[in-house]
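The values are calculated or read from the model by the stated rules, or taken from the named source; none is laboratory data. Everything quoted here is computed from the prediction, not taken from an experiment. Glycine also receives a Cβ, built like all others from the backbone with ideal geometry; neighbour counts cover every protein chain displayed.
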Amino acid sequence: MKWNWQHPEWPEFSYDASALERHEAEFLKQGGILLGAFKHLKLAEETELLADAATSEALTTSAIEGEILDRESVRSSILRHLGLSSTWRQGNSREEGIARLMADLLLGWHRELTHERLWRWHEMLMQGRSSLTTIGAYRTHPRPMQIVSGPEGRQVVHFEAPPSERVPQEMDAFLDWFNGTERDLPPIARAGIAHLYFESIHPFEDGNGRIGRAISEVALAQGLGDRSLTMLATEIRSRQTDYYAALSSASRDLEVTGWLKWFAGVVLAAQRRTLTW
């Protein structure tokens, strides 16, 4: 069996919880400091600070996928979707789409994940993309969904996701797991497994990385019990090669302690970055 989803026990991920205890405690401690600082701000001030953080995350999570966006257009759209007055700067569909997604993360951090919500996120990100067969729904194409690198004819396959016909049932199971573990799993473990689990299914034709990172942000905010952004993408961008290597390594097995320790380091570094931002 080459990939994690081909194991008979899939999707029963396992890990050594004791290896993450210190990381989980530090996450809650730093999160408490951050949320405590927000309590001294007026709601509009807090929202504007979060909008600035969301703007940076929107730009960075897009840059990881090779998309360079205009900061002011993204920020203007985020402020508008958060209900703060701003001079709207007309942007393109990609800037408007990622802005809507980031606003939904902040306004709907406490809401459960559903197929419909993920489909909306995909539609936000992919609107105007004529190269895609399916926008706002899971992939249905018959060809293998592969992550590859290298020139044509000499490509290296880093991962192959489940075939398209399995995606609906896999996503049913994923959403049941995600929505059912908010109180059962510590925040970092839940966010890290959620990211790996989602990326392993790779349910969309494109946009899986951005949506997977957004899902992790939802899990971390729910773990803290308040709207927040850990600025994961900004930290991942600074170690992008390691990120892809860690995902690739973790996609072959269901024992994910190594992946979660790497992910925990990213989360805590991102959180420290947010505290000093």
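Just name the residue that is surrounded by the most Cβ atoms within 10 Å (Cβ to Cβ) out of those in region 137-184 that are among the acidic types (D, E) and closer than 17 Å to I211 by Cα.
E170
List every residue pair whose Cβ atoms sit under 6 Å apart, with the two residues 6 or more apart in sequence or on different chains, where the first one lies in region 117-138 and is closer than 22 Å to D172 by Cβ and touching a residue at least 40 places away in the same chain (Cβ under 8 Å) and the second, anywhere, is among the aromatic types (F, W, Y) and surrounded by 15 or more Cβ atoms within 10 Å (Cβ to Cβ).
Short answer, once both residue conditions are applied: H122/F204.
Identify the single condition in (1) surrounded by 15 or more Cβ atoms within 10 Å (Cβ to Cβ); (2) modelled with pLDDT under 95; (3) part of a loop (DSSP other than H, G, I, E, B) that T87 does not satisfy, given that it satisfies every other one.
Checking T87 against (1) surrounded by 15 or more Cβ atoms within 10 Å (Cβ to Cβ); (2) modelled with pLDDT under 95; (3) part of a loop (DSSP other than H, G, I, E, B), the one that fails is (1).
Has region 25-45 got at least one residue that is acidic (D, E) and modelled with pLDDT of 95 or more?
Yes, region 25-45 contains at least one residue that is acidic (D, E) and modelled with pLDDT of 95 or more.
State whether the residues of region 13-34 include one that is loosely packed, with under 15 Cβ neighbours inside 10 Å, within 20 Å of A189 (Cβ to Cβ), in contact (Cβ under 8 Å) with a residue 40 or more places away in the chain and in contact with an Asp or Glu (Cβ under 6 Å, 6 or more places away or on another chain).
Yes, some residue in region 13-34 is loosely packed, with under 15 Cβ neighbours inside 10 Å, within 20 Å of A189 (Cβ to Cβ), in contact (Cβ under 8 Å) with a residue 40 or more places away in the chain and in contact with an Asp or Glu (Cβ under 6 Å, 6 or more places away or on another chain).
Conditions (1) basic (K, R); (2) touching a helix residue (DSSP H, G or I) at 6+ places or on another chain (Cβ under 8 Å); (3) crowded, with 18+ Cβ neighbours inside 10 Å, marked per residue:
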position: S216; (1), (2), (3): no, yes, yes
position: G225; (1), (2), (3): no, no, no
position: T230; (1), (2), (3): no, yes, yes
position: R239; (1), (2), (3): yes, yes, no
position: D242; (1), (2), (3): no, yes, no
position: R252; (1), (2), (3): yes, yes, no
position: W262; (1), (2), (3): no, yes, yes
position: L268; (1), (2), (3): no, yes, yes
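Here's the yes/no breakdown for (1) in contact with a Pro (Cβ under 7 Å, 6 or more places away or on another chain); (2) of a type in the set (K, R); (3) at pLDDT below 95; (4) part of a helix (DSSP H, G or I):
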{"residue": "P168", "(1), (2), (3), (4)": "no, no, no, yes"}
{"residue": "M171", "(1), (2), (3), (4)": "yes, no, no, yes"}
{"residue": "F178", "(1), (2), (3), (4)": "no, no, no, yes"}
{"residue": "A191", "(1), (2), (3), (4)": "no, no, no, yes"}
{"residue": "F198", "(1), (2), (3), (4)": "no, no, no, yes"}
{"residue": "E205", "(1), (2), (3), (4)": "no, no, no, no"}
{"residue": "A214", "(1), (2), (3), (4)": "no, no, no, yes"}
